[in-house]
Structures are given as C-alpha cells and as structure tokens.
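Trainee: I'd like to ask you about the structure that follows.
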C-alpha cells in the first residue's frame, strides 16, 4: 500500500500489531487445523513443535542428533539437561513456572516450551506418560503450542515463521522512526550473532552464571564454592577464568562495534550445588545446608557475592578485560565494554565495587569500559541520586523490581495467587508480562528523575523481560530511557513497538486504525 | 535536680538516654561482676537470666512450675515448645535469627533470649551440651545476657529492673511533652494488660495467628487447611470462631476505652502444618508439598489469603464483631475496634476486603469500627493515594517494608551478609534495628504525602519493631505520624523518645548535654 502511495510509511508502521508479529517469528499451529488440547500448561516460550516424546536429556540428544524431531518431556529440567534441551524441538514440563529452568532456557533459545502442565504425569520406570487421561509411550508423537500452553496428542500441521522482505522493509522504516535503541539479552556468541541478525544494537544483558553451569565448568565452580579458604577459592577461580575469557571473546567479536553489558555473577551459590541428598560427601551436605536460605530471592546473591567474596568478581573483571584486549589485538577494533553490578541497593556497595573493578582492570591491560548497575530494588530507585555518583549507566531489572515492589515471588505467584487474581479481576494484567506502570513504573520514574538530577547524562536502559513487551516498551519511551533490551527473538517486535511509541507521541496512533 | 530547680522538666526528659532506659527495664548482669563469655549468639531479647539447663519444653514446664529457675536450651524452638517457653527464665538456641520463633516469642514475653549461638551444640541422647568447648549436663547452671548475646557458664549476680517512682515521674513529664501517641503490639489479654501498665495508649498490632498455634486449636486449624472444599473449611472455621472471640473479648476488656488494631491472618498456611516427614498421612504430605514456596516471604500470605479463601477472614471479622458486642453488653462501654488487612499492594485488594468486612459485620451486631491496612510493600507506599480511598487508617509494617525495599530477607541476612556488611562498614547500622531513613523512610514519606493528599485526616501509625527504637521514633515524629506501636516492654522507652523528638523540634537537644 505504501508503494501505491495509499498510506505513509508512518501509517504502515503504526498499523502492525506487535503481538501478531511475535507469532510470525515462530512456527505456529496451522490456523485451519482442527486440534483438541489434551492438557494445558503455562505458555512458557512461544512457537509450536511436534515430535516424538523422549523422557530424558541423553535420549533427546541422541535422537535429536540422529535427525529425529523430539519433544523432551520432564517433571522439571535442571542445568544437567542442557545437552538434551539443545537438541529437542520443544520442551514440556509438569512442574515449574514462567521462571523455571525449562522456561528460561527455552525462551533464550527461541524454542517452544509448555511448563507446569498439571495434567501431565510421568512414569520413568515404564517409560510412559499420562496426559489428560491419555496414556502415551516414549516415541509417540506429541505437539505443544508454547504460545497458548496447549498440549495435543499426535502430530499437527505447523506454519513456518513468516519473515520475508516486506517485513524487513517495514522494520527498516520503524528503525528510522524510533528514538529508543533496542538491545538483546544474550549469554553466548551464538545468541549474540542471532540478536545482531534480528537487528539488536548491542547486548543489554549478558548473564555470566550460565557459563558456570556448563558440564565441564560446573565441577570447578563447585570446587570454588566448597573451598575451605580464599586461597583454595582463588585456585578454582583461576581455572574458570580462561573459560569466561573465551566466552567473552566470542561475544565481543559477534557484537563488534556495538556495546556489550556484562552482568557479574548474580544467583545465590547454592544454585550451583546439587540437592542435599545428591551431595557426594558429608562436607558437601554440610555446605549445602549452610547455604540454604528461607527466601533465596532476598538472600546472599547479586553484588552481595562480590562484596563477601571479592575474588569471584575480580576473576570476572580480569576475564572481561583480557577478552577485550585480545579481541582488540586480533581485530583492530576495541569492544564497547560495560561492566554491570547486580542488586545494588546502597551507594556504598557500588562505591566499593567500582573501586574493585577499576583496581583489578588496572592490573590488567589498558582498555576503555563503563561501570554501571542494575536498578532492581525499590531502595535503588529511591536513592538513585546517590548511586548515580558511582554509575556510568543504570539498567532496570524489572523482573526482580516487580517481585520486590509488589512482594510477589514469581515462582510462588504464577499458577497460584496471581492466577486467581487475574481470573477474579483483582488485577487486569500479569505484572510479569506487562509492566505495572502505576506501581513499578512510578518507582522507575522516581529513579530516572533522581538519577539524572545527580548525573544528567547517565545512560538508562531496561533489561527485564518487559523490554520486549509492546506496552512496556511504549512506557520506557515515555520515561525517556535510552534503550530496551529483550530476548533476541523479541528484538524485531521491540523495534516496531519503539517506533509506534515515537509515532504515538506525534499523534499517530498505533493499530487502532485497523487494516 | 528538677525539685531543686536546677534544671527544667524539659531538660530532665531530654537528658535521659533511652538506650539505658531499655536496660533498666530488664534484669541485667551486675556491672561489678567479673564474667567471661563461653560463647556468643544474637542478642535476641534483652535482659539477663541464670538458671539450670533444660533441654526440652516439657522438662522446662515441669521444673519451672516446681519453682526452679531454668534456661531452655534448644537447637531451635517451635510453637509446640510454647508451654516450656512460658516457664523458662531465659531461652538459648543454636539456630535461627532475630525473627526466629524463640526470638520473637521471647521479645513478646519480655524474656531474655540469645539465639543462633553457633558455639553451642546439643546432644539430646546424652542430655549434654557443649558450649565454647565446655561440656555441661542438663541441670548445670548457665547465664545468658540477651542484651549482649553473651552466654556464661555458671551463675552470675544479676541486678533487678529499676523501675521506681522517679522514673514514673519523668515518664509523666514526657507524656506531657510528646505529640506522638504510643501503642503496644500485644496478642493476648495478659500482654494487653501489661502494655497498659507500661502506659500504652492502645494496641497498634494484635496478631491473630498465634491464637491458632495454641495446643487445642492447631489441630482444628490443620483441619481447615486440609479441608477438601469450602464447606469443610467453613465447618472447621466455625469451631475456631468461639476461641478467637474469647481472645478478642479479653483484649477488648483489658484495653477498655483505648483503640485495638486487630490484624487478620497473615502468615502462609504452611506455617501451621508440620514438616513433611511428620505428616500423619499421604494426603497431608501432598498438601504440605503443594503449599511449599520458594520464597514464602513473597508468597500466598497476608490479604492474599483473605482474597483466595474469604471464609477465613469472614470468620475473623465475625469473631471481632461478636466480641465487641459482648464486651459492650457486659461493661456498657463499646471497644474501639480497628480491623487491619495485611500486605495490601493494590487498592483493588482493599476495595474488595473492605466490602467483605462491612458485609460480614452487617450480618452480625451493629458496632462501630474502622477498616485499614498495613503499609508494608513498596507498591503500597507508591500508590498510597489510591489505597487511602478504602482505608480509615494506615499502619506501616516496617519489618516487611525493610525486607522488600532492601531485598533483604531478615532470616537470610542476619548472621550472614548483613553481619558482614556491618563488620565491613558497608552499612553503619542494622536496618532491622533502626529504620533506614533515607531508603525505607523516604518511601514512608512518599506514602504519607500521597495518602494524606487523597484523605487528609487518615490516621497513620507504625507497628514494626522500629516503633520502639529511639531514632526511628524521632523519625516517625518528624514524618508527622499519629502513633508508634512497639512491644509492651518498650513502651516506656517509646514514650521518652517521642517526648525527646518533640523537644528536639523545639531546639532542646536530647542526651548530648551529659549529666
């Protein structure tokens, strides 16, 4: 229609529904197919997939590599299942919420996932499952729709993702219209490359914990945690350093010319240890017990790790600096490095961590980098003025900020009281899917105001999952943020939503007009 | 000195150190005694006590009732130990923080407690303990100092509390000078009477959960939780109602003429069930599992219980209304009833709960009462304007508000990263002991501003433990709150601190002047 001069480019961009666009980016069930769901779970990662049921990661890997389409069906997944997750076309779990391991990993991989499917039971001895009353064996075909949470017995016709030239043209127009930059959350060189392909203008969140979960590194990570003193801990960290450096080099190369924000270690250390009954000896059991927490979400994690055991963050800073120097030497181009400290609540925390970062980097090669912090605690929003003194940038972690501001543990809310709240109309929308603008959003506004009052040119972005949700992107635009960051697969959607937000500001209303 | 016209009453009040006053209200170790601590734990509840070691609650009850001074020594305590806690002179635990069962109960009883004493190990088979290397048997004498966390082997000379006439006179002057009202947190008629004796002007927080923990009620509470449907749940609640009503009648009578704020059920239901391995059958084990939460602090608790299972709060409202009507009939004086809904984050929650409260009360007798809410989530502070529409009063729950605003789970922070933060100087003071004025306090300021902008005459108080800490009381005065509420034993201290805050406003500086 634009070619035919019927509507302007602006109108063309404004008329596209970002929600539909998200569907277009993934395979989906043929709208003409007649399907009946045997059960339903959480729509944990969009897209649809059909494949043979496999009940463990080893089988998934084996059959997947042999070219079979398989759906990995588990009670829940753990980091030990990663090789199976990689080879599966889709993931179905009986247990866990939107932030369960399966859900998070699947979204990161852009792979369909239905999680927490209560109608599913698994009999590992008999190698069978029961789903909504039907009994199936390993090898039988199942279809999952991660966009709706539906699980269907048997194969279903799927429609492939429809990324075509027209689509690219319109996104190009969107890029001209938007003010917000769009980055991606990516932890590996592969994800970084994919993000770039989708048009990401940098990495807004590179988590470093998944790097420690890999099969060959986890044992060293556990040694580090089990160490009886700083010296032993440093010895284990020294062995982890080259791996981290290698990861960072790959990511920097994939993102040449674009900024990369690396978040230092965030999760509580007990997440790296096995459950107590799988501990290899009494000493490990004792350590697991001593690290157990009543509310791990509010425990010894984030920058608290870096302040209690500085050698962990020091190792990570060294790996970053060495990787940046190596890449610059190899390619002639210096990576744009941003080092991010998580879960800061007090300016004094960042003051000390910034000093540690600078001192450690100075011991290594001379490179340029920024030091900043996540803003993911209400206190960080309230005292953003003090924190800004030590920060080159802020990145809102709206997942954790939503959890603390609302007092909602996402794992305990979804499928439980939050689901009831949505059913009963106490809440209109899930605050983990779309930003709670009048609550969490108002705290963000306070943080932006106070942060910029202390440091007018501070760079401010968002790297929670909200960064890829259209209404939240529009809110971030109105708040005057510099960028949003979301999963690679949502980057096109965020580009479009950012353009629509800019247009809305000029009075061009999105979607409403109709086709 | 005032009698001798040397100083004014104002100066007399200003010169007393509230910290010392707190010591005076409890027995303490004779300052002239030479003592050596065998170990140290958390100073969980002030005061000192000497007594014979007993290792279980039954023995403590038996020997205590026989007139012996006993110290109950446990790994940790549970509601099942309550009969032993009542008879013990002091409590010592190896495990748990400042909010552990032992610590909270001891503070409520005004009884010394040292909690989380890592140098303590207990051998229940041999009926011995080891403390800092020394081995002791049940019946040997131990002294604990809950003000310092010291544990001393053998008896030590103690100095009794020094509440005398001079002290009463000065507190009387303080009452004339202060603007802030002082209430107490009390859950039983006995505590209410004690609070009144100490000069409390009402109850700011009457928790209703302890009432369900009593030996004869817990089984019914468990039936309620295990119920397979609403009807069965209501049947169990009907049996709990008369008990609740009886408790409330006692409290209303003890507080005749003064306001009583009753908080409806707050903790997650799993707190009323035994640990999974003590479940009496598979069904209970299943229920315990289904109620388990990753972060119970941020889970299905507070008003979420009242919205998910309205019959629970309905029963409580009925019990309150019936108790108030019965007491009015008996005494001719109507109790001043305030019904408080916990953990509200969204105005819509309180909107519905207020309607439920009014509808339920209307089905019972006609009485006067207020409906209000705790302000204990950052979101409640931010949207206090919307929430005020449905609230006659606000009461800041600064313990939970500190946990969510700072992202600190108290149970996981104290003895762990928070202790390190204090040792290393990242934080100067423990935010659970004294209010974090620039963080949590600033959110409170926002809440007061916004709440009063919507409803200028809304009554605002604080019922967290900070309500009895002098610096926090002074902050509450400056914030323009109407009252503070603290444990009965801290009421005199709060009265003094409130007067000193009023004096400081007039330029009369506290303490600094010296004796």
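Trainee: On average, how many beta carbons from a partner chain sit within 10 Å of the beta carbon of a residue in A:341-352?
Mentor: 3
Trainee: Where a ≥ b ≥ c are the square roots of the eigenvalues of the C-alpha gyration tensor, would you call the range B:232-273 rounded, which needs a/c under 1.5, or, failing that, prolate if a/b is larger than b/c, or oblate? Each step should come with its number before you reach the end.
Mentor: Values: a/c = 3.32, a/b = 1.72, b/c = 1.93.
Oblate, since a/c reaches 1.5 and b/c is not below a/b.
Trainee: Something else now. Can you order the peptides B:484-492, B:169-177 by their average number of other Cβ atoms within 10 Å per residue, highest first?
Mentor: Working: B:484-492: 28.1, B:169-177: 17.8.
Ranking, from highest mean packing down: B:484-492, B:169-177.
Trainee: Take every residue in peptide A:445-451, count the Cβ atoms of other chains within 10 Å of its Cβ, and give the average of those counts. Intermediate values should be presented prior to the final figure.
Mentor: Values: counts 1, 4, 0, 0, 0, 1, 0.
Average per residue, whole number: 1.
Trainee: Give me the inter-chain shielding for A:421-434: mean count of other chain Cβ atoms within 10 Å, whole number please. List each step's numbers first, then the result.
Mentor: Details: counts 6, 0, 0, 4, 2, 7, 4, 1, 0, 0, 3, 0, 0, 0.
Mean shielding by partner chains, rounded to a whole number: 2.
Trainee: Compute the orientation-averaged projected area for the range A:414-472 from the convex hull of its Cα atoms and round it to one decimal in nm².
Mentor: Working: hull surface 19.2 nm².
That works out to 4.8 nm², a quarter of the Cα hull's surface.
Trainee: Over the range B:1-142, what is the relative contact order in whole percent, taking alpha-carbon pairs under 8 Å and six or more residues apart? Present the calculation step by step, with values, prior to reporting the outcome.
Mentor: Values: 278 pairs, mean separation 34.4, N = 142.
The value is 24 percent.
Trainee: May I pose another question? Describe numerically, in nm with one decimal, the distance between label points set 7 Å from Cα along Cα→Cβ at residue B:280 and at residue B:218.
Mentor: Reported label-point gap for residue B:280 and residue B:218 is 1.3 nm.
Trainee: What order do you get for B:483, A:421 when you list them from fewest to most C-beta neighbours inside 10 Å? Each step should come with its number before you reach the end.
Mentor: Numbers: B:483 25, A:421 22.
With the sparsest Cβ surroundings first, the list reads A:421, B:483.
Trainee: Note down the Stokes-Einstein diffusion coefficient of chain A in µm²/s, whole number, using a Kirkwood radius over alpha carbon pairs, 37 °C, and 0.692 mPa s.
Mentor: Values: Rh = 24.0 Å.
Value of D from the Cα-based Kirkwood radius: 137 µm²/s.
Trainee: Taking the Cα centre of each part, how many Å lie between the range B:203-218 and the range A:419-460?
Mentor: 36 Å
Trainee: I need two numbers for the range B:100-214: Rg to one decimal and Dmax as a whole number, Cα atoms only, in Å.
Mentor: My reading of the Cα-based Rg and Dmax gives 19.0, 58 Å.
Trainee: Taking 2.2 N^0.38 Å as the expected size of a compact globular protein, what ratio does the Cα radius of gyration of the range B:275-322 give against it, to two decimals?
Mentor: Details: Rg = 14.1 Å, N = 48, 2.2 N^0.38 = 9.6 Å.
Dividing the Cα radius of gyration by 2.2 N^0.38 Å gives 1.47.
Trainee: Rounded to whole Å, give me the distance from the Cα center of the range A:47-117 to that of the range A:474-496.
Mentor: 28 Å
Trainee: Same structure again: Taking neighbour counts of Cβ atoms within 10 Å as a proxy for exposure, in what order, fewest first, do A:303, B:113, B:476 appear? Mind showing how you got there, number by number?
Mentor: Values: A:303 24, B:113 33, B:476 30.
Result, fewest neighbours first: A:303, B:476, B:113.
Trainee: Label points 7 Å out from Cα along the Cβ direction at residue A:118 and residue A:366: separation in nm?
Mentor: It works out to 6.3 nm between the two label points.
Trainee: Of all DSSP beta bridges in the range B:1-133, what percent run antiparallel (nearest 5)?
Mentor: Details: 7 of 16 bridges.
Taking every DSSP beta bridge within the range B:1-133, about 45 percent pair in antiparallel fashion.
Trainee: Counting alpha carbon pairs within less than 8 Å and at least 6 residues apart, what relative contact order, in whole percent, applies to the range B:386-474? Could you put the intermediate results ahead of the total?
Mentor: Numbers: 84 pairs, mean separation 44.4, N = 89.
It rounds to 50 percent for the range B:386-474.
Trainee: What's the Cα-based Rg to Rh of the range B:169-214, Rh via Kirkwood? Walk me through the numbers before you get to the answer.
Mentor: On the way: Rg = 13.0 Å, Rh = 11.8 Å.
Value, to two decimals: 1.11.
Trainee: Okay, next question. In what sequence do B:75, B:309 fall when counting other Cβ within 10 Å, fewest first? Present the calculation step by step, with values, prior to reporting the outcome.
Mentor: On the way: B:75 13, B:309 20.
So the ranking, lowest neighbour count to highest, is B:75, B:309.
Trainee: By the gyration tensor of its Cα atoms, with a ≥ b ≥ c the square roots of the eigenvalues, what is the shape of the protein assembly as shown: rounded for a/c under 1.5, prolate for a/b over b/c, or oblate?
Mentor: Working: a/c = 1.60, a/b = 1.58, b/c = 1.01.
It is prolate, given that a/c is not under 1.5 and a/b is the larger ratio.
Trainee: Rounded to the nearest 500 deg cm²/dmol, what is the calculated helix-only ellipticity per residue at 222 nm for chain A, with -39500 (n - 2.57) per DSSP H run of length n ≥ 4? Mind showing how you got there, number by number?
Mentor: On the way: 21 runs with 218 residues, N = 515.
So the calculated ellipticity at 222 nm is -12500 deg cm²/dmol.
Trainee: Shape call for the range B:283-403 from the C-alpha gyration tensor, a ≥ b ≥ c root eigenvalues: rounded (a/c under 1.5), prolate (a/b greater than b/c) or oblate?
Mentor: Oblate shape, in that a/c is at least 1.5 and b/c is the bigger or equal ratio.
Trainee: What is the spin-label model distance, in nm, from residue A:137 to residue B:246 if the labels are put 7 Å beyond Cα along the C-beta direction?
Mentor: It works out to 6.3 nm between the two label points.
Trainee: What relative contact order, as a whole-number percentage, does chain B give when Cα pairs under 8 Å and 6 or more residues apart are counted?
Mentor: Values: 1101 pairs, mean separation 83.0, N = 515.
Computed over chain B, the figure is 16 percent.
Trainee: Please compute the Kirkwood hydrodynamic radius over the range A:150-304, one decimal place, Å, based on all pairs of different Cα atoms.
Mentor: Values: mean 1/r = 0.0527 Å⁻¹.
Roughly 19.0 Å, rounded to one decimal.
Trainee: Also, quick follow-up: Grab the Cα-Cα distance for residue B:130 and residue B:36, subtract it from 0.36 nm times how many residues apart they are, and report the gain in nm with one decimal.
Mentor: Working: separation 94, 0.36 × 94 = 33.84 nm, distance 1.59 nm.
Result: 32.2 nm gained on full extension.
Any read-out appearing in this document is the output of simple, stated calculations on the displayed coordinates, not a laboratory observation. Source: prediction; values computed, not measured. Every residue, glycine among them, receives a Cβ derived from its backbone with ideal geometry; neighbour counts consider all protein chains shown.
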